[in-house]
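Read the structure below first, then the notes.
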Amino acid sequence: MIISVPLKWDTNEIVYSLIAPLEEMGYTLPDKLVPDISEGKVFCNWLRKERNIDPSTFPTYTHEYGDGRKIPNVKLYPNELLPDFREHFNNEWLLQRAEQYFSKKDIKAIPYLQKNGTSITKNSEM
């Protein structure tokens with residue numbers, strides 16, 4: 001069953017930890033970019049490997065952005081995984097994957113990432 005939920009905590013975490021700081025520095029995330037999908041894939045892989053949790057068992061919903069874009073089959077993570085998600089996003093995705101993600105999607109973001117200190121290494125696939 002697919003339900004419609006206005007926001008979920010992983011999207012909020014990404015807004016607070018990535019999008020808002022970049023916008024405060026003058027960078028606006030283009031509508032076509034969805035870093036939460038990239039982090040969701042990486043986090044799900046981490047859950048499988050590090051926590052032996054199968055995210056395919058999580059309920060899903062269709063996420064609708066303010067501009068009307070809809071992303072189907074978005075995972076609803078259990079609340080008890082919020083600390084793991086925060087840790088993973090801030091210490092794995094932001095520091096090790098954000099620069100590679102944006103270098104492929106919008107190179108204009110790179111100076112803002114570097115200025116914000118959110119991207120220190122280049123890592124593997126998104």
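Contact order normalised by length for the range 50-116, with contacts defined as Cα pairs under 8 Å and 6 or more residues apart; what percent is it?
19
For ILE107, what accessible area in Å² do you get when you roll a 1.4 Å probe over the heavy atoms of the protein chains, rounding to the nearest 10?
Around 110 Å² of this residue is reachable by solvent.
Give me the extension gain from ILE37 to GLU24: residue separation times 0.36 nm, minus the current Cα-Cα distance, reported in nm with one decimal. Display every interim value, and only then the final one.
Numbers: separation 13, 0.36 × 13 = 4.68 nm, distance 2.24 nm.
Extra length available between ILE37 and GLU24 comes to 2.4 nm.
For the range 1-113, what does the relative contact order come out to in percent, with C-alpha contacts under 8 Å and a separation of six or more?
Details: 94 pairs, mean separation 35.4, N = 113.
Taking the mean separation of contacting Cα pairs over the length of the range 1-113, I get 31 percent.
List the trypsin sites (Lys or Arg not before Pro) in the range 7-56 that DSSP assigns to loop (not H, G, I, E or B) and whose Cβ has at most 11 other Cβ atoms within 10 Å. Which are they?
On the way: sites: LYS8, LYS32, LYS41, ARG48, LYS49, ARG51; in loops: LYS8, LYS32, ARG51.
When the trypsin sites (Lys or Arg not before Pro) of the range 7-56 are filtered for loop state and at most 11 Cβ neighbours within 10 Å, LYS32, ARG51 remain.
The values are calculated or read from the model by the stated rules, or taken from the named source; none is laboratory data. Quantities reported herein were computed from a predicted structural model and do not represent experimental measurements. Quick reminder, even Gly has a Cβ in these numbers, built from the backbone with ideal geometry, and neighbours come from all protein chains shown. Each accessible area value is taken on the protein alone, full model and side chains, heavy atoms only, with ligands, DNA and RNA left out. Shrake-Rupley method; radii C 1.70, N 1.55, O 1.52, S 1.80 Å.
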